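This report concerns only the one structure given below.
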Amino acid sequence: MITLEELKGIRNVEKIEHGLTIGRTSFLCWIIVAIILLQNGPLNNLPITLLLLLIPTAKGLIFHKPGKCEKVVLFYGVYLLIITLLNFGDNFDPNYTINLFIQYFIIYTCLKFTIVNINAEKFLIFLRNFGLVLSAFCLVEALSKKHIWASILGKGLTEGTTRVVGFFNHPIVCSCFLLITLILTIVFPIRKKRTQVVAIIGVVSAIILTQSRSAWIAAAVVLFIYLLKFHSHRIDRSYLIYGMLAVGIAFMVSIALGYNVAAEIVRFISTRIQGSLEAGEGHIVRIEIILNSFEYWKSHIGDLFFGRGKNYGLLFLKYNPIKKFGTFTWSAAIDNQYITLIHETGLVGLILIFYVIAMAFKRFTTSNKINKIQIAVSLCLIGNAICMFFYEGLNYPVMVLLYMIFIFLSDFQETYVSNIKIEKLEIDDGKKGKEYSDTQRKV
């Protein structure tokens with residue numbers, strides 16, 4: 001029998017452990033905020049090293065068993081490193097390549113030993129709240145028509161533009177983070193319905209103002225599959241009422257301030273859709289790069305299957321200028337993560353990344369509504385996988401950091417649910433065994 005004193009001691013230990021977990025979670029949250037604000041500014045990529053501060057806070061350097069997706073990501077990383085080293089003599093920019101590998105190593109190592117010690121739900125809610133703040137700052141930026149926040153943070157984006165970037169150095173990266181915010185706001189809703197509606201309208205408006213067509217498509221897809229799975233029969237009418245009221249009030253206020261938000265949003269959408277059909281626009285450039293890539297792979301089968309290492313896509317662009325549609329050449333980026341994956345790691349690497357995406361979709365479809373963490377991180381991975389059709393997300397360490405956190409949490413949730421199912425089966429088997437024993441005794 002446990003004495004009262006022993007029970008009190010256990011409870012005190014649990015309280016202390018809970019407090020330490022919350023502390024570790026908060027520390028990780030604020031480090032991520034610092035990295036987002038400082039990355040690509042005057043310190044360039046140095047802020048990612050802030051993750052090293054997490055190591056002393058870890059609950060011992062415990063090596064937990066890798067989950068399914070983590071194993072695949074780890075294998076992909078090792079394969080990318082090997083294929084890069086084998087072709088290092090032809091690397092487009094060795095210093096940039098080494099820099100990226102160092103950042104990948106820091107991200108994986110620091111998260112490996114610390115992510116298990118955090119409160120996942122509180123972390124995701126913090127990320128949601130930070131994203132809501134970002135969306136408000138994006139709306140202010142849109143009104144000013146200047147990259148005021150990026151300028152203050154020293155990210156070198158001072159010219160006026162209609163595409164908002166928030167705290168980031170590119171509108172599509174900003175839109176991807178806002179997409180994560182939208183997902184987390186839906187999965188972990190704010191208690192007050194009116195505040196929840198305003199938050200969603202603000203995030204959606206900010207996503208539209210980034211003018212990122214990939215984020216628009218991704219948002220539509222994740223919202224559709226979420227509603228299809230969890231709200232196919234009923235949607236709370238109060239959300240619709242509050243939503244219409246909030247939109248109406250926002251429209252009237254904007255008119256009073258001399259800024260027609262509705263007209264601006266319609267103009268943004270029509271301009272971006274119309275622009276995608278014109279030569280020289282990003283959409284056409286991407287098509288041209290894809291066609292050039294397939295033409296190249298016809299005579300380089302080995303590269304198609306195994307790739308040529310990190311950043312080989314940039315070298316490909318250098319020697320294969322775009323000529324088929326536009327009147328100019330483009331060599332800054334392939335702007336399609338999956339075509340870039342084939343150039344870097346071939347179909348081998350592409351299959352590995354597709355496996356992670358497929359697992360995220362499977363875990364989402366098999367999750368029940370109670371498992372909000374799995375739903376949220378799986379949708380974040382799915383949404384960003386769609387966005388990566390239009391940019392190279394794995395070349396942005398801030399985004400890689402978020403992807404790895406989602407992958408770790410997804411694996412943990414699958415293991416946790418599996419353990420619960422095993423315990424339930426054992427309890428059920430125990431009950432059946434007891435019933436059988438009682439029956440035998442009666443006989």
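Quote to one decimal, in nm, the extra length available between residue 366 and residue 136 on full extension: 0.36 nm per residue of separation minus the C-alpha distance between them.
Once the chain is fully extended between residue 366 and residue 136, it gains 79.4 nm.
Report, in listed order, any pair from 155/318; 193/369; 68/362; 229/372 with a Cα-Cα distance greater than 23 Å.
155/318
Neighbouring Cβ atoms within 10 Å as the yardstick, rank 391, 312, 79 fewest first. Can you show the working numbers first?
Values: 391 27, 312 23, 79 18.
The order, fewest Cβ neighbours first, is 79, 312, 391.
Bear in mind these aren't lab numbers, they're just calculated from the coordinates by the rules spelled out. Being a predicted model, the structure only gives us computed values, none of them experimental. Counting neighbours? That spans all protein chains shown, and the Cβs are built from the backbone with ideal geometry, glycine included.
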